[in-house]
1. Scan segment B:289-307 for residues that are outside any helix (DSSP H, G or I) and over 30 Å from B:Val244 (Cα atoms) and jot them down.
2. Taking the criterion of being among the small types (Gly, Ala, Ser) and surrounded by fewer than 24 Cβ atoms within 10 Å (Cβ to Cβ), would at least one residue in segment C:342-349 satisfy it?
3. What are the residues in segment C:29-40 that are within 11 Å of chain B (Cβ to nearest Cβ) and either open to solvent by 30 Å² or more (accessible area, probe 1.4 Å) or farther than 26 Å from A:Gly317 by Cβ (or both), if any?
4. Here are B:Gly55, B:Gly25, B:Gly59: which of them is open to solvent by less than 20 Å² (accessible area, probe 1.4 Å) and either at the interface with chain C (Cβ under 7 Å from one of its Cβ atoms) or not small (Gly, Ala, Ser) (or both)?
5. Looking at A:Ser208, A:Ser239, which is the one that is farther than 30 Å from C:Leu24 by Cα, of a type in the set (Gly, Ala, Ser) and modelled with pLDDT of 85 or more?
6. Mind telling me which of the residues B:Val273, B:Val328 ends up being open to solvent by less than 10 Å² (accessible area, probe 1.4 Å) and of a type in the set (Val, Ile, Thr)?
7. Among the residues of segment A:244-253, write down those that are within 17 Å of A:Ser331 (Cβ to Cβ) and either assigned to a helix (DSSP H, G or I) or out of contact with any helix residue (DSSP H, G or I) (no Cβ under 8 Å at 6 or more places or on another chain) (or both).
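The values are calculated or read from the model by the stated rules, or taken from the named source; none is laboratory data. A quick note: this is a predicted structure, and the numbers were derived from the prediction, not measured. Quick reminder, even Gly has a Cβ in these numbers, built from the backbone with ideal geometry, and neighbours come from all protein chains shown. Keep in mind that these areas ignore ligands, DNA and RNA; they rest on the heavy atoms of the full protein, side chains included. Shrake-Rupley method; radii C 1.70, N 1.55, O 1.52, S 1.80 Å.
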Amino acid sequence: MDILADIATTVLSQLQKPTLAFLLGGMMLAALGSKLEVPTPVYKFVVLLLLLKVGLGAGISIREADLVSLAVPAAAAALTGIAIVLLGSRSLARLRGVSPMDGMATVGLFGAVSASTLAAAMAMLDADGIAYEGFIGALYPFMDIAALVTAILMAKMAQARSRNVIPQNGAATMALGGTGSADNDGPSENRTLVRGILTDTLQSGAISALLLGIAIGVLGRPEAVYASFYEPLFRGLLSILMLVMGMEAWSRLSELRKVAHAYVLYGLSAPLVHGAIGFGLGMIAHQLTGFSAGGIVLLAVMAASSSDISGPPTMRGALPEANPSAYVGASTGLGTPVAILSIPLWIWLADLFIGL
Amino acid sequence: MDILADIATTVLSQLQKPTLAFLLGGMMLAALGSKLEVPTPVYKFVVLLLLLKVGLGAGISIREADLVSLAVPAAAAALTGIAIVLLGSRSLARLRGVSPMDGMATVGLFGAVSASTLAAAMAMLDADGIAYEGFIGALYPFMDIAALVTAILMAKMAQARSRNVIPQNGAATMALGGTGSADNDGPSENRTLVRGILTDTLQSGAISALLLGIAIGVLGRPEAVYASFYEPLFRGLLSILMLVMGMEAWSRLSELRKVAHAYVLYGLSAPLVHGAIGFGLGMIAHQLTGFSAGGIVLLAVMAASSSDISGPPTMRGALPEANPSAYVGASTGLGTPVAILSIPLWIWLADLFIGL
Amino acid sequence: MDILADIATTVLSQLQKPTLAFLLGGMMLAALGSKLEVPTPVYKFVVLLLLLKVGLGAGISIREADLVSLAVPAAAAALTGIAIVLLGSRSLARLRGVSPMDGMATVGLFGAVSASTLAAAMAMLDADGIAYEGFIGALYPFMDIAALVTAILMAKMAQARSRNVIPQNGAATMALGGTGSADNDGPSENRTLVRGILTDTLQSGAISALLLGIAIGVLGRPEAVYASFYEPLFRGLLSILMLVMGMEAWSRLSELRKVAHAYVLYGLSAPLVHGAIGFGLGMIAHQLTGFSAGGIVLLAVMAASSSDISGPPTMRGALPEANPSAYVGASTGLGTPVAILSIPLWIWLADLFIGL
């Protein structure tokens, strides 16, 4: 009964917290025809600060972690992120009517991690006296970046291929930097394409802000500026991001009318499937390195959760064509509540398989 | 003597505080031909944050108030705001040489509320041990929004009418969405006009930011982001606003040379007349619901005060043609000091009529 | 040995601190071809806030100082700043291949003051129990502004003269507001030129933001907004400035290939020469007013240090043609570490000449 009360409280506070309130507020403004706008240069800067903050925080966590014991769980986390995206590319993104761009952006967010859901799970483990490794906070950037980069890469490849296929002549392949004829669609050209898109993705403002933050967090000593600037401004800047996302989501909501059921189905079921993947890979890390049962629970929660912070600005920067109604709606509206509600399931499974 | 010392201290600190210092600094820069500028997109964002903050604070106060006992005083506050604007539209805005746009913007600011003057009055009542209702802080948005929206509405109607009158042919009425001929200037067309302008006003960036903040404050739980972001940034963003207002005010000061006496007369006398209106409506609320004598004093102070925070950015957003030298000069330069000096008058009147 | 350990710690923390980390991060991003960008309107606002903050802090220090005892040391500080710039204009800026614009911007930064180096010196004196005047913090704006304004003035004069010289006909002098013929290159025309450029410099956004901050700091009471807004945001905004400076520095690094040795030579030797100038003028102030030995050390450290905060944004605003690779590289990369390492030298000299 205590767990049920915990869940109810967590869900309620999730629904009342500013993130969702500003998202709904933005949608309401757009619905009422408000002329309020956040100027584009300022919005770009808000996104830059948010991503730098996420990167700096992750980098500081990695620097403070014990790198040797981090290695195997970090690999498991990155693999989980990639596996979720690959799975989504063969399920949601293939459903009829779902645009590959919207589908992959959504899948990328479900592969990325919600720091607040992770914190809720840690609080529940702490309350139950279940131990876990201190470096868990340093795992999430590995899953986060792996999932986001894989999803962006696959979305851009799908876009490039569809552009390539439609005209079906040499002129189109030239635009992709191909040197051979249109018939020569072999593996070498494909590799050039992947390399070009990967470079593009890593050089994009969003991903390079994340990576820059991580690099400075790991190699520098940005704790003072992190604590005095990036951390205190974070919630407020996030409220602005959510306001803009809400306004844009409303204006593009109608595009989804015919495929809403696909996103609802995915949003409700994916967290459970993803959590199981994370749980399974955590079990393997347990066998290999003695990764704790609490750690397995938290890895499952990371996999089950979908990104509410790093994901939306990254997707908006890297895949501007993708519809935020799809990816923000599915992740913040459905994925996050389901992920929070699933926490007790992973605790129960860990108790069943290993004992807590 | 203590009261005199209190007044002197209050006025002095008013003159030394950053709001006025940055306003004068901006005027000085403009006078000296400085090329310093706050880029427009950033300035728009500063205004947006200020208005969201004012709205959130008001919304949180309303949520925390007892809605039943709030109802009658809130209606009195809204009525006071509207009454002040109607009065001003028949006095200041009709004076020869005063542009209706500048006049209504000024009148709107005098109808709106200065939170810092209200705080000074509360401090004086606290020092004298005079009790007042805890929900007083939740009253000011009612007076504020009522006055600002009424003033903007009337300014835009005057503008629309003058545009309509000058050409006096069918083409002009078409621009206002009229379907009849130019002669058909009946009440139905007028109602369409009012509805159009009211919609425009509520959808304007400034008013919708205020209303969004109130909605999130009442329905959400934005306390954390309010305390970590909007509240700490407020004074600083206000200093930037005042800097820009000062520069603009200087550049448009010469426009007022011929009508300065009208604004001076209004700035010095209006706070006393408005305070009397607030006092009277507070007396009625006292008869109806037992509204306290301290509450009446604070309602009079709210009515006497003119907006130094929510008003200027709202007017600049909603009525960009209005001259800030007129409305900021009259309110911050004259109205606010007079309102602060009048506080002991309302305390003395409350003691006379009800007893403290 | 303790002093050596102190030095090592200071240098190490200097290299790890966010200022340099973000500068290097920006260079790395540019080198890797990242598309990350800080939008120009936001960047201009960041610079404005930084300069307002520096000015406000300086103004508050001056207001809190005893103006009578401040007068002679303040004159000594301003003279030191001007002397350093004049010296640099005859050394670095005359070296073959060094553009006068880049050279004067660099010299201006070496004349200006690093607040963090000054703070490090104060900490070392405190640790050794050496006394110094309380108003020292109020001296640095005098040296800072004197050096920056002199350097900008000389850079613009050099630019105007070179433009004037090349065409050598009446049309060119007309562009400078000259009324006489091209031959009349006498002192009166020169005076007009100086006056025009000085007005331009003082009216430039960067210098007027600095002066506005000082004026409000001296005449107003901006402590509350300074403590709640400008001070807490400072480090973070500086990290953004350094990021932009780093990206720009990388893109213009190749311009310096042929003159790098000149900047290295100047960056390594100038702090020692400048420190000696400051030390000498401090000795004169000691003879005239009994300026303390600790004060002389701090004046020498101010002279030896080069600006890492007020300087780069000022130069970028006032001399946009100057190459930040030159001035930021020479000052932050070489001048600051040498200045920090030279602190014990000035302590030793003060002990030798006056006794501590």
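1. B:Gly290, B:Phe291, B:Ser292
2. yes
3. C:Thr40 - this is the single residue of segment C:29-40 that is within 11 Å of chain B (Cβ to nearest Cβ) and either open to solvent by 30 Å² or more (accessible area, probe 1.4 Å) or farther than 26 Å from A:Gly317 by Cβ (or both).
4. Among B:Gly55, B:Gly25, B:Gly59, only B:Gly25 is open to solvent by less than 20 Å² (accessible area, probe 1.4 Å) and either at the interface with chain C (Cβ under 7 Å from one of its Cβ atoms) or not small (Gly, Ala, Ser) (or both).
5. One residue alone meets the criteria, A:Ser239.
6. B:Val328
7. A:Val244, A:Met245, A:Gly246, A:Glu248, A:Ala249, A:Trp250, A:Leu253
Each row is one residue, and each column tells you yes or no for (1) of a type in the set (D, E, K, R); (2) more than 19 Å from C:Asp144 (Cβ to Cβ); (3) touching a residue at least 24 places away in the same chain (Cβ under 8 Å); (4) in a loop (DSSP other than H, G, I, E, B).
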| position | (1), (2), (3), (4) |
| --- | --- |
| C:Glu255 | yes, yes, yes, no |
| C:Tyr263 | no, yes, yes, no |
| C:Tyr266 | no, yes, yes, no |
| C:Ser269 | no, yes, no, no |
| C:Ala276 | no, yes, yes, no |
| C:Gly280 | no, yes, no, no |
| C:Gln287 | no, yes, no, no |
